[in-house]
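Asks: Pasting in a structure now, in structure tokens, and then I'll have a few things to ask.
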Amino acid sequence: MAEINIFLSYNNIMSLIKVGVLRGGPSSEHEISLKTGKSVLLNLPEKYSGSDVFINKEGDWHLDRRPSDHERVFRSVDVIFNALHGSYGEDGKVQQTLEHFGMPYTGSGVVASALGMNKILAREEFKKVGLKVPKATSVSADEGSLKEAERVFRTISPPWVVKPISGGSSVGVSVVKSLPALMSALDVAFDSGQKVFVEEYIAGKEATCGVIDDFRGEKYYALPVIEIIPPSRFGFFNYDAKYCGETKEICPANFDMSIKKEIENMAKKAHSALGCRHYSRTDFIVSPRGGVYILELNTLPGLTEESLVPKALSAVGASYGDFLDHLIKLALTK
């Protein structure tokens, strides 16, 4: 009998789908990616065998805590769950590598990832499908912060939101009201890249909405809209507000039903406009004067315990494990 049990256990292990959970990476969002990947590993359904695929900040690959390389990793797993955030993991670069080796993976493909990561390119796609975006311009470090700040001052009324063109988790984002403060904010943002994005500040309530492909009978299923109320000392939903544990996240949001439906439809339209797949999360501002503005789309939103997509899943009675199962199935079939 013991031999039979051992045989059955061995067959069960061999039949499990091997999932490599890709986390870490060289971006400024390295630590958040570690948390997302940890949450995924802890919540994989029993039919999956999870392997920790860690990339350090220098770009070195590890498989279950041992030094490795991407080719060896790909030979060891059936599918990659992409839990990276920021540059390399979310901008199409790792997606190119995965596709070159024919490795199935979760999340958007090369083009959608590159578009979603570049705020200038993404907003142009949003405008093409009729989505309302704040007035904005890009500035270059080559021109100098003084010259570029003066140009922004002449073309967009303060306050301004200064952002790196690429990146997430609100890293390097500032809201400023004066020319000297704008120059300083540009200098900070230039640390993240030679191109920076400046847009008009839209006063209003912050909201976000997730979208899942082929879920509950819908091609694009919109999760409940979440209203975000950061602590007043932060002023907006910046990096510290996202992870301080004090921000109020109301799900479902308390907006009028018409506003919630508008946000859901805009999130679906943005997801489709960039050609996203599997899932995404889009951020908005609800202005009492100008309606709903789209800010940006996240092709690999955070999946930590504090993250917004898991909260929205819980609100509609969907478990985290079932969500991961759904994404892995999509990766293996599409």
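The rows are residues; the columns are (1) in contact with a Cys (Cβ under 8 Å, 6 or more places away or on another chain); (2) without any contact (Cβ under 8 Å) to a residue 60 or more places away in the chain; (3) within 29 Å of Ile120 (Cα to Cα).
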{"position": "Leu297", "(1), (2), (3)": "yes, no, yes"}
{"position": "Leu303", "(1), (2), (3)": "no, no, yes"}
{"position": "Ser307", "(1), (2), (3)": "no, no, yes"}
{"position": "Gly321", "(1), (2), (3)": "no, no, no"}
{"position": "His326", "(1), (2), (3)": "no, no, no"}
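Asks: A further question follows. For residues that are part of a helix (DSSP H, G or I), in contact with a Lys or Arg (Cβ under 9 Å, 6 or more places away or on another chain), more than 13 Å from Tyr88 (Cβ to Cβ) and among the hydroxyl-bearing types (Ser, Thr, Tyr), tally how many sit in segment 12-65.
Replies: Count: 2.
Asks: Looking at Ser27, Ser39, Ser68, which one is polar (S, T, N, Q) and out of contact with any Phe, Trp or Tyr (no Cβ under 7 Å at 6 or more places or on another chain)?
Replies: Step by step, each of Ser27, Ser39, Ser68 is checked, and only Ser39 is polar (S, T, N, Q) and out of contact with any Phe, Trp or Tyr (no Cβ under 7 Å at 6 or more places or on another chain).
Asks: Under the condition of being crowded, with 20+ Cβ neighbours inside 10 Å and of a type in the set (A, V, I, L, M, F, W, C), which residue from segment 36-62 is nearest to the chain's Cα centre (by Cα)?
Replies: Looking at the filtered set, the residue picked out is Val40.
Asks: If you scan segment 198-211, which residues turn out to be on the phi < 0 side of the Ramachandran plot and surrounded by fewer than 23 Cβ atoms within 10 Å (Cβ to Cβ)?
Replies: The answer is Glu199, Glu200, Tyr201, Ile202, Ala203, Lys205, Glu206.
Asks: A further question on this structure: With acidic (Asp, Glu) and either loosely packed, with under 13 Cβ neighbours inside 10 Å or farther than 16 Å from Leu327 by Cβ (or both) as the only criterion, which of Glu71, Glu90 stands out?
Replies: Glu71
Residues are listed down the side, and each one gets a yes or a no for (1) touching a strand residue (DSSP E or B) at 6+ places or on another chain (Cβ under 8 Å); (2) under 26 Å from Glu264 (Cα atoms); (3) assigned by TED's automatic domain parsing to the domain that holds Pro310; (4) crowded, with 19+ Cβ neighbours inside 10 Å:
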| site | (1), (2), (3), (4) |
| --- | --- |
| Pro158 | yes, no, no, no |
| Ser166 | no, yes, no, yes |
| Val173 | yes, yes, no, yes |
| Pro180 | no, no, no, no |
| Val188 | yes, no, no, no |
| Asp191 | no, no, no, no |
| Val196 | yes, no, no, yes |
| Ala222 | yes, yes, yes, yes |
| Val225 | yes, yes, yes, yes |
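Asks: Looking at segment 284-334, which of the residues that are of a type in the set (A, V, I, L, M, F, W, C) and assigned to a loop (DSSP other than H, G, I, E, B) is nearest to the chain's Cα centre (by Cα)?
Replies: The qualifying residue nearest to the chain's Cα centre (by Cα) is Leu300.
Asks: Also, I was wondering about something else. Test Phe153 against the criterion of being in the same structural domain as Thr299 (by TED's automatic domain parsing) and either farther than 26 Å from Lys329 by Cβ or not small (Gly, Ala, Ser) (or both), and give yes or no.
Replies: For Phe153, the condition - in the same structural domain as Thr299 (by TED's automatic domain parsing) and either farther than 26 Å from Lys329 by Cβ or not small (Gly, Ala, Ser) (or both) - is not met.
Asks: Return a yes/no flag: does segment 137-147 have any residue that is surrounded by fewer than 18 Cβ atoms within 10 Å (Cβ to Cβ), modelled with pLDDT of 95 or more and of a type in the set (D, E, K, R).
Replies: Among the residues of segment 137-147, not one is surrounded by fewer than 18 Cβ atoms within 10 Å (Cβ to Cβ), modelled with pLDDT of 95 or more and of a type in the set (D, E, K, R), which makes the answer no.
Asks: Among the residues of segment 260-270, which ones are in contact (Cβ under 8 Å) with a residue 12 or more places away in the chain and surrounded by fewer than 19 Cβ atoms within 10 Å (Cβ to Cβ)?
Replies: Those that are in contact (Cβ under 8 Å) with a residue 12 or more places away in the chain and surrounded by fewer than 19 Cβ atoms within 10 Å (Cβ to Cβ): Glu262, Asn265, Lys269.
Asks: Please give the strands (runs of 3 or more DSSP E) falling wholly within segment 102-181 in which 1 or more residues are under 16 Å from the mean Cα position of the chain (by Cα) and under 30 Å from Val53 (Cα atoms).
Replies: 160-164
The values are calculated or read from the model by the stated rules, or taken from the named source; none is laboratory data. Everything quoted here is computed from the prediction, not taken from an experiment. All Cβ positions, even for glycine, are placed from backbone atoms using ideal geometry, and neighbour counts span all protein chains on display.
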